[in-house]
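Accompanying notes for the structure given below.
The values are calculated or read from the model by the stated rules, or taken from the named source; none is laboratory data. The structure displayed is predicted, hence computed values, not measured ones. All Cβ positions, glycine included, derive from the backbone under ideal geometry; neighbour counts span all protein chains shown.
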Amino acid sequence: MAQTIRKIGIVGAGQMGNGIAHVCSLAGMPVVMHDASADRMKAALATISGNMARDVSRQRLKDEDRQTALKRISTVDSFEGLSDCDLVIEAATEKEEVKRKIFTDLCPALKPEALVATNTSSISITRLAASTDRPEKFIGIHFMNPVPRMELVEVIRGIATNDATFETSKAFVLKLGKRIAVSEDFPAFIVNRILLPMINEAIYTLYEGVGNVEAIDTAMRLGAHHPMGPLELADFIGLDTCLSVMQVLHEGLADSKYRPCPLLVKYVEAGWLGRKAQRGFYDYRGEKPVPTR
């Protein structure tokens, strides 16, 4: 039987974590955020407030609803602060060892009936569930970026996820006003299994000199009606995240078509991770973005 989700815990206050907190608070749920960095939690609250203020100025949101929603979000400096949450969503960096360590440390602090979810975009739900004390209450709830704008959430069961957890998670996602795509637990699920190889292919197209950054992005924007070109999108996602998803696909499916482009590897090694680092396939340090190749 599905449970009622009243209070949400979020581990990780980065771009995805603050986006999830944003939509949960607007849907009327109290949210408790935890991050290893106090500065990141502070920045997350400022980002949420700013994003909601922008929605008020565009008349998508009433100011009193913004103020009420912001009051629903609090931060805690330890996992113990999440002890009364009904659902805790992990939204940490896309590295399996980091996520597994979080679940090992988090679960003892939670009440026995609490559900645990991961926002991973590519890692096996079954494997992550095995690092918890409740694999049957563990599920993948993968939000798209930016969370407040994107309509879709992928819901992914691990091999042990029970029906009640699945039904409860679907009801939670619908309460947020999102649409659901149910995916099987295969590397990168649905969206990233299709999207990331396309981005990787765009990087190969650049690497092989078929077109420059501007030509490739213009071609896909105007020739395939994509809202942004694949290299601009890669910068938005973060080149480190793109690389880690391609590595998960390559290792998990053992097919050479998923081999990360050497140019992507080189950019990540240089620390040119896209928008968040001010440089990727575009340089964001000036008035407007300038292609770096």
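Below is a table of values for the structure above.
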| quantity | calculated |
| --- | --- |
| Identity of the residue in region 76-112, of a type in the set (K, R) and within 18 Å of I125 (Cβ to Cβ), that ends up modelled with the lowest pLDDT | K95 |
| Count - residues of region 256-293 that are under 14 Å from V213 (Cβ atoms), assigned to a helix (DSSP H, G or I) and among the hydrophobic types (A, V, I, L, M, F, W, C) | 2 |
| G9, sole failed condition from (1) part of a helix (DSSP H, G or I); (2) within 20 Å of V153 (Cβ to Cβ) | (1) |
| Given (1) under 16 Å from M29 (Cβ atoms); (2) surrounded by fewer than 24 Cβ atoms within 10 Å (Cβ to Cβ); (3) of a type in the set (A, V, I, L, M, F, W, C), index of the condition A117 fails | (2) |
| Members of region 80-101 that are within 19 Å of S131 (Cβ to Cβ) and either of a type in the set (G, A, S) or touching a residue at least 60 places away in the same chain (Cβ under 8 Å) (or both) | L82, C85, L87, V88, I89, E90, A91, A92, T93, E94, K95 |
| Number of the exception - A219 against (1) over 23 Å from R193 (Cα atoms); (2) surrounded by 15 or more Cβ atoms within 10 Å (Cβ to Cβ); (3) over 24 Å from the mean Cα position of the chain (by Cα) | (1) |
| Boolean, T132 is farther than 30 Å from P187 by Cβ and either in contact (Cβ under 8 Å) with a residue 60 or more places away in the chain or not aliphatic (A, V, I, L, M) (or both) | no |
| Test: E201 is closer than 22 Å to A2 by Cβ, among the acidic types (D, E) and under 23 Å from the mean Cα position of the chain (by Cα) | no |
| Check on R60, touching a residue at least 40 places away in the same chain (Cβ under 8 Å) and in a loop (DSSP other than H, G, I, E, B) | no |
